[in-house]
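Quick notes on the structure that follows.
The values are calculated or read from the model by the stated rules, or taken from the named source; none is laboratory data. Computed from a predicted structure; not experimentally measured. Note that we place each Cβ from the backbone using ideal geometry, even for glycine, and neighbour counts take in every protein chain shown. Surface areas here come from the heavy atoms of the whole protein model, side chains and all, with no ligands, DNA or RNA. Shrake-Rupley method; radii C 1.70, N 1.55, O 1.52, S 1.80 Å.
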Amino acid sequence: MIGAAKELIQYKHLLFTLTWREIRIRYKETVMGFLWAIFMPVLVVVSGLVVRKAFSVVSGKPIEYTELISVVVKSLPWAFFAGSIRTATNSLLTNSNLVTKIYFPREVFPFSSVLTHLFDFAVAGSLLVILIAFSGLSVGVQILWLPLLLLLLILLTAGWALFLSCATLFFRDVKYIVEIVMTFGILFTPVFYDVSMFAEWRYVLLLNPVGTLLEAINDVVVLNRAPDPFWLLYAAIWALGSFLGAWLIFEKAEPVFAESI
Amino acid sequence: MSSVALEFDGVWKKFRKGERYDSLRDLIPATIKQVLSRNHRDELKAREFWALKDVSFQIKRGEAVGVIGFNGSGKSTTLKLLSGILKATRGKVNVNGKLSALIEVAAGFHPDLTGRENIYLNGTILGMRKPEIDRKLEEIVDFSGLEEFIDTPVKRYSSGMYARLGFSVAAHVDPDILLVDEVLSVGDMSFQQRCIDKMKEKIRSDVAVIFISHNLPAVANLCNRAIFLNRGNLVLDGPCETAIQAYVEAMGSWDSRANSEDRIRITDAQFSIGGRQKHSTMKPHTPCELAVVFECESRLPPFNVGFTVRRTQDMSYCYATTTQELGHPLFELLPGERLAVLFQFNAHLARGHYRLDLTVRDPKGVEVLLAANGVTSFSVDEQVTSHGPADLALKANILNPDVHDKTARRMQGTDFCETQ
């Protein structure tokens, strides 16, 4: 494990170059150019707004401004998570010619998928900062939690990216399963709604570590309150556990990649 | 650093034949079935086979070693084990130093990126750093001969251009160990020559090169040593010529296995050099004779006899023709009938070992009725060093003697080495 991490550091140039390749290809020769980075988040945000509007019609309460911001704040990390997982799941297969021909740590493929989407996340995130600045929302000191929460989200994403890319190599139908889970996963994750709407049932929803992290991010950015320590710990265990566990599995399976692909 | 760059120590590698359960949809029912019946395990085990069996060798720095063998003999497996893509089932693979593999050199290319961007991409995949690529960029572009198209996306390249760019990048990596798998077949003649020169340059600069190829002349030309693999066994590890000869002999036994179904056979073949039999060494230009008797076993279509001379050192063609091309009509034999042919030729051949093949062929059906590979073999011995199979009996006469004297004087006392 430590050996693998050292080797990965040795190959960090490759990781960055592959990420650069993905970004370059996506923004090259596509009419939408940099709009790509915000295309998916915008779609998620708009559908979130539609759902919120429906809530407000049913409940008879008008939509509050912070609610809208909160949909945007939760949509971006979700788009990052879902996008990374989707790309990473196929990353070893789409690069099979490299996997079977040249040696280097295979982790660079799922990791570069995550980095590529992190780049998109950063682009969309800076737009969000502008939006928040104009909205007059007062961001408090609790925002200092944000780096930690993002780190946990990245670790969680990277862990699942590693595991699923490796699993797809051995079982081809994993990618279809992932596709379906990612499509409907947004309904099981508090993106369009808040867990508080579910009263005592909210704990069931918080079992999903992505949901826990999204709620915590919403807490620190929009509501300016500290995240719930118990659920924060829960998410941290998930994130670290997934990351380390997945990397161990990946490392164990790596020697047979070339003959199993 | 020790001078041993690569070491294979009793390496075994197992593969599985046939289909594997590669989806959960297939695996889950199969597992349930297996648990219930408990008999399916052995069936799966039986489909495993050894791609390499107890292979050991060492390669030192500055050495170039060729790996030859038939398809499926374990050559590429050897290479993939060395590069770390595959792991040995048993035994040890030791690699000492930075290793770079020229296997499918354009594997890392992305069609949407330009040639220049792909140089950076592929260079990084092959282990170069950006500053290093910056420094070598011009040289790489020069080598590829693609200056004009370097800012064009590679999807617009022809396959030759694609492969050339790939090789050019790979050729500029500075490894301690270079693995090459059948990549010299890219590009036109002049590009191939440039590749061979580049590899020779690497060998001189103390890089260990391991070269896998079916191109025997290239192996003989580049390598100091060759390893002959056959069905996963290391048959021979020695000088190129010996290994190639062993390969050639195995090849002969491969396609002319005494076949009871042959409809025609050779009952007698007498080879004589300068009128003497049972001799196999001669000077260039010696007249030779080969007397052959064919006997027809069962009904045959009309046929001709092909006559081929190959140099066994690299199996290159020296001469080939057929009785038909020599102006003879097609032969027709009834079962039991015989055909006696006397071939006469002068061996205008350079120093080396040669093999003579006879082929009985039905030109209409394009069917080979009999392949008598290595019906005889002989050696040509000559003092003069030359390259290529033909002996032109070349002499260089100096027409103005003063130049000759001057050159001879200047050379005295300097350590002038003969260059090839």
Within the stretch B:190-210, residues being part of a strand (DSSP E or B) and out of contact with any helix residue (DSSP H, G or I) (no Cβ under 6 Å at 6 or more places or on another chain) number 2
Enumeration of residues in the stretch B:307-345 that are part of a loop (DSSP other than H, G, I, E, B) and touching a Lys or Arg at 6+ places or on another chain (Cβ under 6 Å) | B:THR312
Scan the stretch B:311-332 residue by residue and report those that are of a type in the set (D, E, K, R) and modelled with pLDDT under 90.
-> B:ARG311, B:ASP314
Within the stretch A:84-111, the residues that are within 14 Å of another protein chain (Cβ to nearest Cβ), open to solvent by 10 Å² or more (accessible area, probe 1.4 Å) and assigned to a helix (DSSP H, G or I) are A:LEU93, A:THR94, A:SER96, A:ASN97
Residues being assigned to a helix (DSSP H, G or I) and either among the aromatic types (Phe, Trp, Tyr) or under 21 Å from A:VAL72 (Cβ atoms) (or both) - total across the stretch A:207-234 | 17
Can you name the condition, by its number, that B:LEU86 falls short on among (1) within 14 Å of chain A (Cβ to nearest Cβ); (2) out of contact with any helix residue (DSSP H, G or I) (no Cβ under 6 Å at 6 or more places or on another chain)?
-> (2)
Taking the stated definitions as given, is A:ILE38 assigned to a helix (DSSP H, G or I), among the β-branched types (Val, Ile, Thr) and in contact with a helix residue (DSSP H, G or I) (Cβ under 6 Å, 6 or more places away or on another chain)?
-> yes
Of all residues in the stretch B:246-284, count the ones that are at pLDDT 75 or above, open to solvent by less than 70 Å² (accessible area, probe 1.4 Å) and within 14 Å of B:SER379 (Cα to Cα).
-> 6
Selection count where residues are at the interface with chain A (Cβ under 8 Å from one of its Cβ atoms) and open to solvent by less than 10 Å² (accessible area, probe 1.4 Å), scope the stretch B:114-129 = 2
Residue set A:VAL181, A:VAL191; condition part of a helix (DSSP H, G or I) and either touching a helix residue (DSSP H, G or I) at 6+ places or on another chain (Cβ under 6 Å) or closer than 30 Å to A:VAL256 by Cβ (or both); output residue A:VAL181
Under 8 Å between Cβ atoms, at least 6 apart or on separate chains: pull out the pairs that start in the stretch A:219-239 with a residue that is without any contact (Cβ under 8 Å) to a residue 60 or more places away in the chain and aromatic (Phe, Trp, Tyr) and end on any residue that is surrounded by 14 or more Cβ atoms within 10 Å (Cβ to Cβ) and not in a loop (DSSP other than H, G, I, E, B).
-> A:TRP231/A:LEU206; A:TRP231/A:THR212; A:TRP231/A:GLU215; A:TRP231/A:ALA216; A:TYR234/A:LEU206; A:TYR234/A:PRO209; A:TYR234/A:THR212
Restricting the search to the stretch A:8-21, which residues are assigned to a helix (DSSP H, G or I) and out of contact with any His (no Cβ under 9 Å at 6 or more places or on another chain)?
-> A:LEU8, A:ILE9, A:GLN10, A:LYS12, A:HIS13, A:LEU14, A:LEU15, A:PHE16, A:THR17, A:LEU18, A:THR19, A:TRP20
Check the stretch B:315-322 and report whether any residue there is open to solvent by less than 30 Å² (accessible area, probe 1.4 Å) and more than 27 Å from B:VAL248 (Cα to Cα).
-> no
So which pairs qualify, if the first residue must be in the stretch B:100-113 and facing another protein chain (nearest Cβ under 7 Å), the second must be modelled with pLDDT under 70 and open to solvent by less than 20 Å² (accessible area, probe 1.4 Å), the Cβ gap must be under 8 Å, and the two must be at least 6 apart or on different chains?
-> B:ILE103/B:VAL183; B:GLU104/B:VAL183
Determine the pairs where a residue that is closer than 27 Å to B:THR385 by Cβ, located within the stretch B:349-367, has a partner that is of a type in the set (A, V, I, L, M, F, W, C) and open to solvent by 50 Å² or more (accessible area, probe 1.4 Å) with Cβ atoms under 8 Å apart, the partner being 6 or more residues away or on another chain.
-> B:LEU349/B:ALA390; B:ALA350/B:ALA390; B:ARG351/B:VAL384
Of the criteria (1) under 20 Å from the mean Cα position of the chain (by Cα); (2) within 10 Å of chain A (Cβ to nearest Cβ), which one B:GLY74 fails | (2)
Just need a number here: residues in the stretch A:19-38 that are free of Cβ contacts under 8 Å to residues at least 60 places away in the same chain and either loosely packed, with under 14 Cβ neighbours inside 10 Å or small (Gly, Ala, Ser) (or both).
-> 7
Checked the stretch B:381-401 for anything open to solvent by less than 50 Å² (accessible area, probe 1.4 Å) and over 23 Å from the mean Cα position of the chain (by Cα); matches are B:GLU382, B:ASP391
Scan of the stretch B:130-152 for residues that are within 14 Å of chain A (Cβ to nearest Cβ) and open to solvent by less than 20 Å² (accessible area, probe 1.4 Å), ordered by number = B:ILE133
Got at least one residue in the stretch A:42-65 being surrounded by fewer than 21 Cβ atoms within 10 Å (Cβ to Cβ), out of contact with any Lys or Arg (no Cβ under 8 Å at 6 or more places or on another chain), within 14 Å of chain B (Cβ to nearest Cβ) and not in a helix (DSSP H, G or I)?
-> no
Of all residues in the stretch B:323-341 being touching a residue at least 40 places away in the same chain (Cβ under 8 Å) and under 18 Å from B:ALA371 (Cα atoms), the one that is most open to solvent (accessible area, probe 1.4 Å) = B:ARG338
Can you find a residue in the stretch A:26-38 that is more than 14 Å from chain B (Cβ to nearest Cβ) and under 20 Å from A:VAL191 (Cβ atoms)?
-> yes
Subset of the stretch A:153-183, residues away from chain B (no Cβ under 14 Å) and free of Cβ contacts under 8 Å to residues at least 12 places away in the same chain, comes to A:THR183
Got a number for residues in the stretch B:98-154 being more than 30 Å from B:LEU81 (Cα to Cα) and among the β-branched types (Val, Ile, Thr)?
-> 5
